[in-house]
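Everything on this sheet refers to the single structure shown next.
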Amino acid sequence: MLGLGLVVLTGLAGCGGSGVAPSPRPPQQVTMVYESGARPAGPIDGWIWQSDVTGRNAERLTPGQSPVLSPDGRFVAFSRYQAKPSMWSAMVMDLNSRATRQIFARKGDYAHATSSLTWSPDSSVLALVDEQGITVVDRDTGQIPQTIASSTYLGTPSFSPDSRQITYADDASGRVFVASATGGDPSPITMGPHDFGPVWGPTGIAFARWLAAGKPGDIWLAQANGEGPRRLTHTNAGIQPVAFSADGLNLIAQNPASHNGRIWAVDVSTGSARDLTGWVGDLFPQGVSRDGTSILVGIGCGGVPSATGTIEVIPTSGGPARTITRGPCRASWNA
């Protein structure tokens, strides 16, 4: 997803954790980042802004897009693109000092195809996914300790809660793998051929398993050694895991929006799944709060940058959504 710019919000006191990869320790500061509706003169990158939680007192910081907040709230990773010659760069900004550095770059005609940046729960390294595979990069030095996998068919990775391992799916084989974040050969924990989208939490690795090609299935749960895989949900609705709460007792799932999307709340102990939203156009979950009670969502932009989206918070217990800001539609938090 190409963003329109990035905004940094501060001051969400009383919350903690990362929706995508919860930290085992309380965050040092609680913030949110999201894409603004403003574009610079260039054709690709937007801008990074800082603002308070109301969106007031905005300060424009630097060009970039696709922000991902570190679990401790101290750093934001983002992308920069260069069209001629084609180059994608992974950048990290220290939100206290405003110091920004490039930690990785890829040149070539398909450099723009990079799909994700994922923080480790301890905020020390980033997993980068591009057309050449998954690479783990040190936040401070840019040193590359390990290329986890080399393929053009790899999904977004997820770190173990202790940040020592990483899980990902090879869409070509339909299997889920686990590897050390610092080296060694990956090990398959499922046999496929229709497993994908793993998310690692305190209670195991959740992944989607379809019954057959084109036949939607459900979410399964396995341990890191591959033992004990079991079917968690029984919706037959083709739902996919998104994020665990920090205690591992709650899981957010989705029907990804190709046009309309839907978000579910799953009780990990029972496998009970509740449809929270119904079908909503261009609905994308962005993360779950540390206590599992709130979901950050973006609505309205789909695959095209736009200034007509909204960022909202949905309670997992049900009830009306709360709009945070209008215009942006991609966000990241550690609430």
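Residue by residue through the stretch 272-282, note down the ones that are open to solvent by less than 50 Å² (accessible area, probe 1.4 Å) and under 14 Å from I219 (Cβ atoms).
A273, the sole residue that qualifies.
Identify, please: which residue in the stretch 82-98 is touching a residue at least 40 places away in the same chain (Cβ under 8 Å) and open to solvent by 10 Å² or more (accessible area, probe 1.4 Å) and is, among those, farthest from E35 (Cα to Cα)?
Of everything passing the filter in the stretch 82-98, A83 is farthest from E35 (Cα to Cα).
How many residues are open to solvent by 40 Å² or more (accessible area, probe 1.4 Å) and polar (S, T, N, Q) if we restrict to the stretch 209-234?
Summing the residues that are open to solvent by 40 Å² or more (accessible area, probe 1.4 Å) and polar (S, T, N, Q) in the stretch 209-234 gives 2.
Can you find even one residue in the stretch 153-160 that is without any contact (Cβ under 8 Å) to a residue 60 or more places away in the chain, in contact with a helix residue (DSSP H, G or I) (Cβ under 9 Å, 6 or more places away or on another chain) and open to solvent by 10 Å² or more (accessible area, probe 1.4 Å)?
no
Quick one: in the stretch 283-299, of everything that is part of a strand (DSSP E or B), β-branched (V, I, T) and without any contact (Cβ under 8 Å) to a residue 60 or more places away in the chain, which residue is most open to solvent (accessible area, probe 1.4 Å)?
I299
Given (1) at pLDDT below 90; (2) part of a strand (DSSP E or B); (3) open to solvent by 40 Å² or more (accessible area, probe 1.4 Å), where does G64 come up short, assuming only one miss?
(3)
I'm trying to understand the selection: among the residues of the stretch 243-262, which are more than 16 Å from the chain's Cα centre (by Cα) and open to solvent by 10 Å² or more (accessible area, probe 1.4 Å)?
Answer for the stretch 243-262, where residues must be more than 16 Å from the chain's Cα centre (by Cα) and open to solvent by 10 Å² or more (accessible area, probe 1.4 Å): D247, L249, N250, S258, H259, N260, R262.
Which residues, counting only those in the stretch 102-139, are open to solvent by 60 Å² or more (accessible area, probe 1.4 Å) and at pLDDT 90 or above?
Q102
Does S269 satisfy the condition of being open to solvent by less than 10 Å² (accessible area, probe 1.4 Å), on the phi < 0 side of the Ramachandran plot and among the hydroxyl-bearing types (S, T, Y)?
Spelling it out, it is not the case that S269 is open to solvent by less than 10 Å² (accessible area, probe 1.4 Å), on the phi < 0 side of the Ramachandran plot and among the hydroxyl-bearing types (S, T, Y).
Please go through the stretch 244-274 and pick out each residue that is in a strand (DSSP E or B) and not aliphatic (A, V, I, L, M).
F244, N250, Q254, N255, N260, G261, R262, W264, D267, R274
From the list S97, S89, exactly one residue is assigned to a loop (DSSP other than H, G, I, E, B) and at pLDDT 85 or above. Which is it?
Residue meeting the stated conditions: S97.
The values are calculated or read from the model by the stated rules, or taken from the named source; none is laboratory data. Everything quoted here is computed from the prediction, not taken from an experiment. Using ideal geometry, Cβ is built from the backbone for each residue, glycine included, and neighbour counts are taken over all protein chains shown. The protein model used for the area step is the full one, side chains on, heavy atoms only, and it has no ligands, DNA or RNA in it. Shrake-Rupley method; radii C 1.70, N 1.55, O 1.52, S 1.80 Å.
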